[in-house]
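**Student:** What follows is a structure written as structure tokens; I'll ask about it next.
The numbers here are math on the coordinates, done by the rules we state, and not lab data. Everything numeric here is computed off the predicted structure, so don't read it as measured data. Methodologically, a virtual Cβ is constructed for each residue, glycine included, from the backbone with ideal geometry; neighbour enumeration extends over all protein chains shown.
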Amino acid sequence: MINQQRLFNRLLHLSEIGKTDSGGVTRLALTETDQQAIALLSEFMTEAGMQVRTDAAGNLIGTKQGRDAAAPVVMTGSHSDTIVEGGMFDGALGIVGAIEAVQSMNERNIMTMHSIEVCAYRDEEGCRFTSGYSGSRIMTGKHDPDKLRRVDRDGISVSQALQALGIDADSVGLAARSPGSVKAHVELHIEQGNVLENKGHSVGVVTGICASSRSVITITGEARHAGTTPMNLRRDPMAAAAAVIHMIEREALSTGTTVATVGSMTVTPGAVNVIASSVVFSLDCRDIDEQTRDRVLDRMIAQAKHICLSRSVDFDIQIYGRGGAKLCSAEIQEQIKQACQEQGLPVFTLPSGAGHDSGSFYKFCPMGMIFVRSRDGISHNPAEWSTPEDCAAGSNVLYKTLLALAVEI
């Protein structure tokens, strides 16, 4: 149904905003570059025949008016911002694909009972102000005024960044939608992993966003001379950390669904000829089943304590984030599956290990997600790539899903 060439041309056009020498894209949230992207997306929405506006939080919204103006709207979209040196598809495909779906409907003079809104959400990545999903969270009534005081590396606060773009920081809470005003939220997004590619599928039906936890582990031993301390007399936190990390990998592998990552580590004093005094490292643990995540994390902690005790080093863990799973609506999953079948695509389900704007709508309204295959599973990287054919396949599935939810008449 959709125009594949127009879709991909728009993705390429959008990727020129914030393009870096490496071929990546840098559009940090609420910067002038991000605002340029919003302006271009507004042009695309206008070309698609939508009524375009910006809400109090700076989210861009294009509306295809439905027959019943009082009926709850069907929402779709994604985020306009990127990380530093990101790719051209993360976030962008969900907005541009939705615009293309609506334009294709309008070109066929298709009317729906419910209005369809395409949204470009602000500050999903959270890498400028260390707090993500800001635009979609505010829209669903989760505004935290304290976050307006957060600052970036240059000392610019969220409030100041909003004001610089002409957005009244004191009024962003007015962007909140009233309960019952949104019938459903569907987001098209690249997978950002390699499951679809390994299975040979271009499109996937997302079952939910995984429950995640983030922790900081500290193992404390005793700093000594590396050359004069016998191996059996050492209290080496680095050796203990290595054993703990190996155990973490083993426990995550045992479930078949859990993923666990140690992504950062600080060694003190960090000298080549000194046994470390302490090692501090992160632990990110996720599973689509919250209880499984908790059981695995509990086992990891118990075994880590045992490992450290046996090596005469001290163990401490601080769990500073333990979010629940955000499951996609069974009804919307069925609509997406049917749309896949109508396009001659295999029905393949998978969870999302990454967070998305759709998670903000969990419990606010039924939500669902459509994944598109990522080449080599690479994302948040200039090498991020999804083929024009796969982008079109996902957009066609979105087109059919939106029509089913908005009720074609």
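**Student:** Specify the residue that is surrounded by the most Cβ atoms within 10 Å (Cβ to Cβ); the eligible residues are those in region 8-31 that are over 21 Å from Ala383 (Cβ atoms) and aliphatic (A, V, I, L, M).
**Tutor:** Filtering region 8-31 for residues that are over 21 Å from Ala383 (Cβ atoms) and aliphatic (A, V, I, L, M), the one surrounded by the most Cβ atoms within 10 Å (Cβ to Cβ) comes out as Ala29.
**Student:** Still on this structure, I have one more. Mind telling me which of the residues Cys340, Cys308 ends up being assigned to a helix (DSSP H, G or I), under 27 Å from Leu405 (Cβ atoms) and touching a strand residue (DSSP E or B) at 6+ places or on another chain (Cβ under 8 Å)?
**Tutor:** Unique residue meeting the criteria: Cys340.
**Student:** Of the residues that sit in region 129-143 and are in contact with a helix residue (DSSP H, G or I) (Cβ under 8 Å, 6 or more places away or on another chain) and part of a loop (DSSP other than H, G, I, E, B), which one is farthest from Ala176 (Cα to Cα)?
**Tutor:** Going through the qualifying residues, I end up with Phe129.
**Student:** Follow-up. Taking region 338-381, which residues are surrounded by 24 or more Cβ atoms within 10 Å (Cβ to Cβ) and among the acidic types (Asp, Glu)?
**Tutor:** Result: Asp357, single match.
**Student:** Filter region 264-281 for residues that are polar (S, T, N, Q) and part of a loop (DSSP other than H, G, I, E, B); which is farthest from Ile217 (Cα to Cα)?
**Tutor:** Looking at residues that are polar (S, T, N, Q) and part of a loop (DSSP other than H, G, I, E, B), I get Asn273.
**Student:** So, one more: At least 3 residues that are in contact with a helix residue (DSSP H, G or I) (Cβ under 7 Å, 6 or more places away or on another chain) and either within 24 Å of Gly368 (Cβ to Cβ) or in contact (Cβ under 8 Å) with a residue 24 or more places away in the chain (or both) in each: list the strands (runs of 3 or more DSSP E) lying fully within region 8-123 that qualify.
**Tutor:** Strands (runs of 3 or more DSSP E) meeting the threshold: 60-64, 73-79, 116-121.
**Student:** For region 155-178, what are the residues that are more than 22 Å from the chain's Cα centre (by Cα), more than 20 Å from Ala37 (Cβ to Cβ) and assigned to a loop (DSSP other than H, G, I, E, B)?
**Tutor:** The answer is Gly155, Asp168, Ser178.
**Student:** Considering region 169-188 alone, what residues qualify as being in contact (Cβ under 8 Å) with a residue 60 or more places away in the chain and among the small types (Gly, Ala, Ser)?
**Tutor:** Passing the criteria: Ser171, Gly173, Ala175, Gly180, Ser181, Ala184.
**Student:** Which of the residues spanning region 352-388 are within 15 Å of the chain's Cα centre (by Cα) and among the aromatic types (Phe, Trp, Tyr)?
**Tutor:** Phe361, Tyr362, Phe371
**Student:** Find the residue count for region 105-139, including only residues that are among the hydroxyl-bearing types (Ser, Thr, Tyr) and buried (at least 24 other Cβ atoms within 10 Å of the Cβ).
**Tutor:** 3
**Student:** Quick check on my filter: what residues within region 370-394 are of a type in the set (Gly, Ala, Ser), more than 23 Å from Thr76 (Cβ to Cβ) and part of a helix (DSSP H, G or I)?
**Tutor:** Matches in region 370-394: Gly377 only.
**Student:** Continuing with the same structure: Could you check, for region 151-161, whether at least one of its residues is of a type outside the set (Val, Ile, Thr), in contact with a Phe, Trp or Tyr (Cβ under 9 Å, 6 or more places away or on another chain), touching a residue at least 24 places away in the same chain (Cβ under 8 Å) and surrounded by 18 or more Cβ atoms within 10 Å (Cβ to Cβ)?
**Tutor:** yes
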